[in-house]
Amino acid sequence: MLPISAASNWNIHQLCDDLNDNGFALLDHAYSDDFFLQIREECLENLQEFKDAAIQNGVVSQIRSDHILWINPELPTAYQHIKALEVLSDLLNQNFYLGIKNVEAHFACYNPGEFYALHRDNPQQKNHRIISTVLYLQEKWQENWGGLLRLQDKHGNWHLIEPHPNRLAVFQSDLLHEVLAAQQQRLSITGWLRSDQNLW
Ligand code: OGA
Ligand code: MN
């Protein structure tokens, strides 16, 4: 099944209820096994292209140590995930009038010991990120491997979210969160639903 059809089958009512109640939602088995394997494969094939996320405009930040690769149509499988996130954006716009107009996403690889310290994806409404999404691309994940997403919900309660294969985490971009160091390589795609126009 293509990601776009998968997205139209997501339990959007549950997702909207969870987002509304807590500011975040988890969607397990987001895609078919076939597509999941394909997108994971595309990630693995391109690992040599990933760049240090800590270095932006030549400045090195201490807050994160992962490696990323921005997704564009030249990564056709991951680009389909962007298309599915566009379907999700339309559904969220219909339910919450969020005014989402654009989706951006990058692959991320955390090697053992790498992390992303406490942050918000959209601090003080500084950028146009409204909703953050993370699709986890591990083949399997064991509890003792670490690599949890630690997220504060909109009521101030903390949650530990395991990066299960084929799980899509969806949360408000203004929520505080961090990625705890993992003992194994941890692969994912972070995607943001934004209220500004297409950047490219
Ligand atoms: C991010 C992020 C969370 C995760 O990329 O901004 O917070 O679980 N990712 O990978
Ligand atoms: Mn983040």
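The values are calculated or read from the model by the stated rules, or taken from the named source; none is laboratory data. Since we're looking at a predicted model, the values are computed, not measured. Counting neighbours? That spans all protein chains shown, and the Cβs are built from the backbone with ideal geometry, glycine included. Just so you know, the surface numbers come from the protein's heavy atoms only, side chains and all, with ligands and any DNA or RNA stripped out. Shrake-Rupley method; radii C 1.70, N 1.55, O 1.52, S 1.80 Å.
Based on Cα atoms of the chain, Rg over Rh with Rh as the Kirkwood radius reads 0.93. Highest average first, the peptides 6-15, 119-128 ordered by how many other beta carbon atoms sit within 10 Å of their residues are 6-15, 119-128. I want to verify a result. In a Gaussian network model of the chain, Cα cutoff 10 Å, which of these has the top mean-square fluctuation: 112, 73, 163? Between 112, 73, 163, it is 73 that shows the largest mean-square fluctuation.
Helix-only arithmetic for the chain: the sum of -39500 (n - 2.57) across DSSP H runs with n ≥ 4, divided by the residue total, places the mean residue ellipticity at 222 nm at -8000 deg cm²/dmol. Protection proxy ranking, highest mean first, for peptides 26-37, 183-194: 183-194, 26-37, where packing is the per-residue count of other beta-carbon atoms within 10 Å, averaged. Remark: region 40-173 carries 49 Å² of accessible area per residue (probe radius 1.4 Å; ligands, DNA and RNA excluded). Which percent of the accessible heavy-atom area of the chain goes to carbon and sulfur, probe 1.4 angstrom? In the chain, the share of accessible area belonging to carbon and sulfur is 48 percent.
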